[in-house]
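Quick notes on the structure that follows.
The values are calculated or read from the model by the stated rules, or taken from the named source; none is laboratory data. Owing to the predicted nature of the structure, the values given are computational and were not obtained by experimental measurement. No Cβ is skipped: glycine too gets one built from the backbone with ideal geometry, and neighbour counts run over all protein chains shown. For the accessible areas, the whole protein counts, side chains as well, though only heavy atoms, and no ligand, DNA or RNA atoms are used. Shrake-Rupley method; radii C 1.70, N 1.55, O 1.52, S 1.80 Å.
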Amino acid sequence: MAFELVTIPCLNDNYAFLLHNRDDKTTLLVDVPEAAPISHVLDSRGWTLTHVLLTHHHWDHVDGLPELLKRHSAQIIGAQADAHRLPALDIPVSEGCELIIGSSKAQVFDVSGHTINHIAVYIPDAKVLFTADSLMALGCGRLFEGTPDQMWESLNKLMSLPADTIVCSGHEYTSSNARFALSVDPTNKALIARSQDIDAKRAANQATVPSQLGLELETNPFLRAKDPAIRAQLNMQSATDAQVFAEIRKRKDNF
Ligand code: ZN
Ligand code: FE
């Protein structure tokens, strides 16, 4: 199947995504930080919006929706368990439910942590995973509502997806994430190389999102609680993976 994925910078540092299927003509929007940049891409590509996925209830992911719906109509997808604090949903979903977008099946994950009932959606036909503020490029979302254990469990659900999965996360935070990652994993050659690549991209005003899951597994400290070098750096050789993750998250909060 032929998909086109467009990353749309919104507000200060948010990203929305459009995934267009050329065969069945569906166009899925993921998150709506603001309407204008999204409308602009739809118009310039000549795509008709069909679906909107809301990953979580934070204003910077949903507030553009009313304005967008003045000019476009779409089926709104979001977590059933969060329906009370999301815009009106046409397709309420939960982990493990069957979500069909055009001719493609999508997999829904509960990735609570940043918020409770944050969802991630994986579309195998497109090899794309929308993670917003759960798994992020070289990072993970701050724990506003959930516990470290919850976020660790959420990230583990995503880690076993194919390594060539494209990870679409919600913000351009990668430069500061890289500086932190190097502080807990300073000898990781793949991380050092990625950090240089990020500096070059940002200097050229390019997005560092999306990324690939395989690269995240090699370089993102929040997925690497098992790694002996990180455990040694933190002096946590005999801790559980969840404890190591919690320590990394705490250090990032104070970085
Ligand atoms: Zn958020
Ligand atoms: Fe956000």
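Here are some notes:
- Per-pair calculated FRET efficiency, R0 = 30 Å: Ala204 and Asn156 via Cβ, rounded to 0.05: 0.30
- Whole-number accessible area per residue in Å² for the chain, which is evaluated in the context of all protein chains at 1.4 Å: 43
- In this Cβ point-charge picture (+1 for Lys and Arg, -1 for Asp and Glu), the chain has a dipole of about 500 debye about its Cα centre.
- Positive dipole terminus of region 82-143, leading residue within Ile100, Tyr122, Ala88 (C-beta point charges): Tyr122
- On full extension, the segment bounded by Asp13 and Glu67 gains 17.5 nm, given 0.36 nm per residue less the C-alpha separation.
- Accessible-area composition of the chain, carbon plus sulfur, in percent [1.4 Å probe]: 50
- Solvent-free Debye scattering, log10 I(q)/I(0), computed from the Cα coordinates of the chain at q = 0.07, 0.14 Å⁻¹: -0.23, -0.91
- The gain in end-to-end length when the Gln196 to Lys105 segment is fully stretched comes to 29.1 nm, 0.36 nm per residue minus the alpha carbon separation.
- Contour excess over end-to-end distance, with Cα ends at Ala81 and Asp241 and 0.36 nm allotted per residue: 54.8 nm
- Using a simple spin-label model with pseudo-atoms 7 Å out from Cα toward Cβ, Cys97 and Ser183 lie 4.0 nm apart.
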